[in-house]
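Each remark here refers to the structure printed beneath this line.
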Amino acid sequence: MAIIKKVSMFILALPLMGCTTVPTTTHDKRLDGYVAKITDADFMYDPMQTPIAECYRDELGAGENISGATLIDDGLSAFVIRAAFARMATKTIDLQTYIYSNDFSSKVLVGELKKAADRGVKVRILLDDYGTKSDIVDVMLLNQHPNIEVKVFNTVSNRSRFLYYPQFLMDFNRLNSRMHNKLFIVDNVAYITGGRNVGSNYFYPETASNFSDTDVLFIGDMTRYATQSFNEYWMHHLSIPASVFPKAKSKKAMKRLEKNFADIQRKSAEAINRYNRIISLAQHEYKHKHFDFSWGHGKFLADPPSKVEMTMPEKQEYRGEIIQALQHLWDKTEDSVYLSAAYFVPGQGGLEHMMREENNGVHLTIVTNSLASTNAPTVYAKWEKYRKQLIESGADVYEFMLSAENLRGKQHDRERKQSSFSVLHSKTIVFDDNISWIGSFNLDPRSAYFNTENVAIFESPEFAKKLRDMIIKDAQTSWHVDMVGGRPRWTGARSGDATPRVYRRDPDTSIFRRIWKTICGLVPEKFV
């Protein structure tokens with residue numbers, strides 16, 4: 001056995017010889033000569049004196065610690081607003097994301113960041129390594145720009161594709177935990193947070209599999225908390241400068257990228273003009289105070305970056321600020337909770353708390369994915385365990401419905417696993433029509449114990465009503481699930497249906513998907 005083990009280790013080590021490796025911590029001696037391009041001095045300005053703040057000077061000065069919030073509930077608007085604010089930036093832009101897809105919309109967005117940097121705006125970009133999966137994506141190459149600095153969080157050391165996933169087995173505790181945070185901060189006075197990563201399937205409904213998601217644009221006092229969180233991650237020893245990634249230093253690749261930007265401008269002049277008109281219109285709407293802001297008070301919360309380094313026992317005992325805030329808000333709630341959760345696995349403790357609150361008169365409305373819409377059947381298999389008890393306690397439960405168009409696309413394209421349909425991706429809660437909760441935090445074990453997350457908590461009855469109405473709208477176009485004879489029943493009507501449809505098994509699914517869900521249910525819940 002000892003010989004077999006030695007031979008196995010030797011075979012595993014062979015691909016390491018001559019392969020590129022990068023540091024996994026800034027304590028690595030290879031970073032001894034690293035000099036930051038963007039420093040604290042670049043943030044020595046008054047955010048309230050920037051053009052973005054000037055537009056709403058009166059509203060932001062109406063009271064202490066005031067912030068404004070406006071919903072971004074569709075992907076195209078989410079993209080346009082990001083691009084418009086990048087163009088309005090005069091000082092700094094910070095982007096933090098879990099996934100960067102390097103597809104068309106991602107390229108266009110980083111093109112906007114490059115244009116801002118060309119004007120002198122300082123741009124910091126923080127990517128999760130697992131969510132990026134490439135050393136030569138456009139956003140990494142932009143690190144060569146004098147006003148752009150890129151870092152990669154929680155890196156996999158060996159960059160060989162052959163060894164990428166085996167390394168997870170060797171360092172599972174750290175690499176299984178990812179930076180799931182999503183932030184877009186402009187001039188330290190405005191930020192966007194919510195469920196969206198950077199990729200076309202978060203911004204364009206025409207993509208084969210797109211995410212139905214929710215973001216919020218905040219301006220004002222809350223932004224300082226978001227910037228503090230970004231700084232904590234940016235300075236953490238697990239955030240590795242892109243300058244040590246050999247492919248990201250490729251001058252040839254950077255020249256090709258700049259040529260691509262120029263080619264797009266030349267070959268797509270008409271489309272570029274239409275695009276510019278749309279972005280200009282968004283800027284005009286903001287500058288003339290036509291954005292639908294609600295005003296109130298709030299705070300931005302995030303897990304500490306050190307969460308990914310905790311040992312397994314520590315992770316399972318972890319009760320950070322986000323979890324404590326969630327428990328506190330739920331305990332204070334007296335009437336209702338509306339919840340839109342893409343991946344909903346409350347755990348036994350969460351289940352008992354929700355059932356107890358329901359019995360005490362706090363009515364719970366849940367919208368989550370159906371088996372047909374989810375991109376995570378393992379999560380759905382665990383959700384089923386809790387659904388029956390929640391329904392029987394009195395909660396209203398809805399599961400996201402494929403539209404008639406989604407269904408036709410799915411039926412006519414069998415070769416793609418998840419084709420032409422929407423996946424619910426929101427992570428929002430409304431407490432007592434007064435306090436809103438929105439961010440990257442899924443109500444599942446992975447968000448609670450493994451990944452780092454962020455949320456914004458905002459107190460404003462006006463905004464809470466808008467978010468609640470959005471959740472209700474999603475519920476109205478979802479399957480209502482109740483229990484009949486101890487078994488679930490799905491009831492709902494698609495556009496064009498004269499009467500509601502009723503199902504006694506998961507709607508719009510094949511027997512193979514239901515079997516796969518059953519197999520996925522064998523995965524221990526703590527790893528979901």
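The values are calculated or read from the model by the stated rules, or taken from the named source; none is laboratory data. Model, not experiment: these values are computed from the prediction. Cβ atoms come from the backbone with ideal geometry, glycine included; neighbour counts cover every protein chain shown. Quick note on the areas: whole protein, heavy atoms, side chains included, nothing else; ligands and nucleic acids left out. Shrake-Rupley method; radii C 1.70, N 1.55, O 1.52, S 1.80 Å.
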The lone exception for Gln316 - which of (1) in contact (Cβ under 8 Å) with a residue 40 or more places away in the chain; (2) under 26 Å from Lys465 (Cβ atoms); (3) open to solvent by 20 Å² or more (accessible area, probe 1.4 Å); (4) not in a strand (DSSP E or B) it fails: (2)
I'd like the residue in segment 242-278 that is at pLDDT 85 or above and outside any helix (DSSP H, G or I) and, out of all such residues, is farthest from the chain's Cα centre (by Cα). Ser250
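Looking at segment 116-133, which of the residues that are open to solvent by 40 Å² or more (accessible area, probe 1.4 Å) and in contact (Cβ under 8 Å) with a residue 40 or more places away in the chain is nearest to His237 (Cα to Cα)?
Pass one, segment 116-133, residues open to solvent by 40 Å² or more (accessible area, probe 1.4 Å): 118-119, 122, 130, 133.
Going one step further and asking which of them are in contact (Cβ under 8 Å) with a residue 40 or more places away in the chain, we end up with 122, 130.
Values: Lys122: 22, Tyr130: 17 Å.
The selected residue is Tyr130.
So how many residues does segment 474-484 have that are farther than 16 Å from Ser373 by Cβ and either in contact with a Cys (Cβ under 9 Å, 6 or more places away or on another chain) or open to solvent by 40 Å² or more (accessible area, probe 1.4 Å) (or both)? Show your work before the answer.
Within segment 474-484, the subset farther than 16 Å from Ser373 by Cβ is 482-484.
In the following step, the residues that additionally are either in contact with a Cys (Cβ under 9 Å, 6 or more places away or on another chain) or open to solvent by 40 Å² or more (accessible area, probe 1.4 Å) (or both) were identified as 483-484.
The qualifying residues number 2.
Take segment 357-379 and flag every residue that is part of a helix (DSSP H, G or I) and more than 26 Å from Leu329 (Cβ to Cβ).
Just the residues of segment 357-379 that are part of a helix (DSSP H, G or I), to begin with: 357-359, 377-379.
Residues satisfying the conditions are Pro377, Thr378.
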Hey, could you check segment 154-175 for residues that are in contact with a Lys or Arg (Cβ under 9 Å, 6 or more places away or on another chain) and either part of a helix (DSSP H, G or I) or open to solvent by 10 Å² or more (accessible area, probe 1.4 Å) (or both) and say which is farthest from Thr25 (Cα to Cα)? Tyr164
Step by step: first the residues of segment 284-306, then only those that are in a loop (DSSP other than H, G, I, E, B) and closer than 22 Å to Glu462 by Cβ, then the one that is least open to solvent (accessible area, probe 1.4 Å). Which residue is that? Phe293
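Identify all residues within segment 71-81 that are open to solvent by 10 Å² or more (accessible area, probe 1.4 Å) and either touching a His at 6+ places or on another chain (Cβ under 9 Å) or not in a helix (DSSP H, G or I) (or both); write none if there are none.
Scanning segment 71-81 gives Leu71, Asp73, Asp74.
Within segment 56-70, which residues are over 28 Å from the mean Cα position of the chain (by Cα) and surrounded by 11 or more Cβ atoms within 10 Å (Cβ to Cβ)? Explain how you work it out, then say what you get.
Kept after step one, since they are over 28 Å from the mean Cα position of the chain (by Cα), are these residues of segment 56-70: 57-59, 61-64.
Within segment 56-70, Arg57, Glu59, Gly61, Gly63 qualify.
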Limited to segment 485-502, what total is found for residues that are open to solvent by 60 Å² or more (accessible area, probe 1.4 Å) and either part of a loop (DSSP other than H, G, I, E, B) or hydroxyl-bearing (Ser, Thr, Tyr) (or both)? 6
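Does Leu407 satisfy the criteria of being of a type outside the set (Asp, Glu) and either modelled with pLDDT of 95 or more or farther than 22 Å from Asp497 by Cα (or both)? Show your work before the answer.
Details: of a type outside the set (Asp, Glu): yes; either modelled with pLDDT of 95 or more or farther than 22 Å from Asp497 by Cα (or both): no.
Considered against the rule, which asks whether it is of a type outside the set (Asp, Glu) and either modelled with pLDDT of 95 or more or farther than 22 Å from Asp497 by Cα (or both), Leu407 comes out as no.
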Complete set of residues in segment 431-456 that are of a type in the set (Phe, Trp, Tyr) and open to solvent by less than 10 Å² (accessible area, probe 1.4 Å): Phe431, Trp437, Phe450
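Which ones in segment 367-402 are polar (S, T, N, Q) and closer than 17 Å to Ala342 by Cβ?
Correct list: Thr368, Asn369, Ser370, Ser373, Thr374, Asn375, Thr378.
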Scanning segment 82-115 residue by residue, the ones that are open to solvent by 20 Å² or more (accessible area, probe 1.4 Å) and in contact with a helix residue (DSSP H, G or I) (Cβ under 7 Å, 6 or more places away or on another chain) total 10
Checking Pro47 against (1) over 26 Å from the mean Cα position of the chain (by Cα); (2) more than 30 Å from Lys249 (Cβ to Cβ); (3) of a type outside the set (Gly, Ala, Ser), the condition it does not meet: (1)
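Could you name every one of the strands (runs of 3 or more DSSP E) located completely within segment 181-237 that has at least 3 residues being open to solvent by 10 Å² or more (accessible area, probe 1.4 Å)?
Details: elements: 183-186, 190-194, 209-212, 215-220.
By residue number, 209-212.
Does segment 320-356 hold any residues that are over 23 Å from Glu399 (Cα atoms), open to solvent by 30 Å² or more (accessible area, probe 1.4 Å) and outside any helix (DSSP H, G or I), and which are they?
Just the residues of segment 320-356 that are over 23 Å from Glu399 (Cα atoms), to begin with: 320-325, 327-329, 331-334.
Next, from what is left, pick out any that are open to solvent by 30 Å² or more (accessible area, probe 1.4 Å): 321, 324, 327-328, 331-332, 334.
Result: Glu334, single match.
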